[in-house]
Every structure is written in structure tokens, then in C-alpha cells.
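Participant: Here it is: the structure, laid out below.
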Amino acid sequence: MILIVFDVDGTLVDSQHLIVAAQKEAFASVGLPAPSRERSLSVVGLSLPQAFTALVGADGPVVALSEAYKQAFGRLRAQAEIRETLFPGAAGLLARLNREPAVQLGIATGKSRRGVDHLLSLYGWEGWFSTVQTADDAPSKPHPAMLEQAMAETDAAPAGTIMIGDSTYDMVMARGAQVSALGVAWGYHTPEALRAAGAHAVMESFAELESALFARIAAA
């Protein structure tokens, strides 16, 4: 069996507009100017306390920002003012992998469990993922705990596990867990940053990613 673990934001789902808008509201609620769009997206992948600590420092209003962000994100998503959309090719690849008997699918994300459950329901992915690791279940990326727990839950070995993500946090996490680290170029961190963080390879498209994954499946 091969365990293929996906990050969510920036890898499967293009949520940048929703993230930036929710951050803007959160910063306004505590009377602080919002960071630039580039800075906002640089922390995507971290759990909320770690993300806001990176943005305002440990002495900043991290708890207040985290709570305000969650409220804003949920409201904006519920009102469908700004949508989380799948990257083209994501749904098809997951469907094909889900039909492979030699593959187990997993998620490792800085999202909350509630946020992941919303996406699984929205896209009809309930039951597709053998393991789901969220910000509620483990230390924030880049700590390797999410992948270590995912492997323990699925009885997978590091040699048979692949982490796919768009951030340097994903790559460092994968390296820490001693699993294959595949970066994707369509997310929020640059290919150069992904390689510097330890990516074994960076995929330029879902077609390239699919070819790489099915070559690995065939070899196994």
C-alpha cells in the first residue's frame, strides 16, 4: 500500500481570496493594519496561532486575531461572498487515486477539523481519506506529527508515504517524517522555496503530478 497525503489550501483548494479577506477583517478587529497579500499567503499552512505569531510576534494579539479570523472566515464562506474553489485537475486526480486498491489517501492541513469536514461534504469526498490530520489533532506544521500520526493510523511506512503540498512547511514536515516530499508550483510558495526546503521534486501541473504518482504506484 502507498499512502498519499495531500495538503489542502494552495494544493487542492484555491482559498487565497477567502484567507486574505478573513485576515483583513481580523486585523481590523484589533485595530492593526492588515499585512500585504504576499505576507498573508506566506503563512498559509501553519495552524492559526502559529500563523498569527509569525505575522505579529509572540507578544501580539495572537488569540484575538485567531478568534476573529475564524469568525470572519466562517461568515464569508457561509455567505458565499468569496469561494474556495478546487484547482483544475484536483477532483479528477483524487477520484482516480480513490479507485486504486493499492492507494490510501490522507490529508494533513492547518485547517480545523470543521473546515475539512465542510470541504469533504461539499465535494463528496466523505470516506475517501483513510486519515485526516488537522490543526485540532497535532502540532502545527512543519512539525512531523501530522504525518507520523497519519502513518500510524494507516499502518504505512515512511518509504511508502508521499506528502504533497505547496508550502515550505509541507516540505520540512515531510523531510522530518522521512517521507517523500512533492511540491506543487501552483500554490502560495515559490518552486525555488520548495526546493530549498527539501522538496524531492516540484510538480508544475496536475497532469505532471498524476504521472509521477501513477509511476510510483506501478513501481510498487
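Participant: Pop a pseudo-label 7 angstrom from the Cα along the beta-carbon direction at both Leu32 and Ser211 and give the gap in nm to one decimal.
Facilitator: Reported label-point gap for Leu32 and Ser211 is 4.4 nm.
Participant: Label-point separation (nm) for His17 and Ala193, each offset 7 Å from Cα along Cα-to-Cβ?
Facilitator: Calculated label separation equals 2.2 nm.
Participant: Multiplying the sequence separation of Ala159 and Gln79 by 0.36 nm and subtracting their Cα-Cα distance, what value in nm do you get?
Facilitator: Contour length minus the Cα-Cα distance gives 24.5 nm.
Participant: Before anything else, pin down the relative contact order of segment 1-136: Cα pairs under 8 Å, at least 6 apart, normalised by residue count, whole percent.
Facilitator: Over segment 1-136, the number comes to 34 percent.
Participant: So for the chain: antiparallel DSSP bridges make up what percent, rounded to the nearest 5?
Facilitator: 10
Participant: Report the calculated FRET efficiency for Gln178 and His118 (r = Cβ-Cβ distance, R0 = 30 Å), to the nearest 0.05.
Facilitator: After rounding to 0.05, the efficiency reads 0.40.
Participant: I would also like to ask the following. I want to check the label-to-label distance for Glu100 and Glu204. Put each point 7 Å from Cα in the C-beta direction and report it in nm to one decimal.
Facilitator: Roughly 2.2 nm, to one decimal.
Participant: While we're here: In nm, what is the difference between 0.36 nm times the number of residues separating Ala58 and Glu126 and their Cα-Cα distance?
Facilitator: Taking Ala58 through Glu126 to full extension adds about 20.8 nm, to one decimal.
Participant: Return a whole-number percent for the relative contact order of segment 132-220, with Cα pairs under 8 Å and 6 or more residues apart as the contact set.
Facilitator: RCO, segment 132-220: 21 percent.
Participant: Here's something else I'd like to know. Taking H as built 1.01 Å from N, whose amide H comes closer than 5 Å to the amide H of Gln133, not counting residues under 5 places away?
Facilitator: Answer set, sorted by chain and number: Ile107, Ala108, Thr109.
None of the figures in this text is laboratory data; all of them are computed from the coordinates on show. Since the model is a prediction, treat every value here as computed from it, not as a measurement. All Cβ positions, glycine included, derive from the backbone under ideal geometry; neighbour counts span all protein chains shown.
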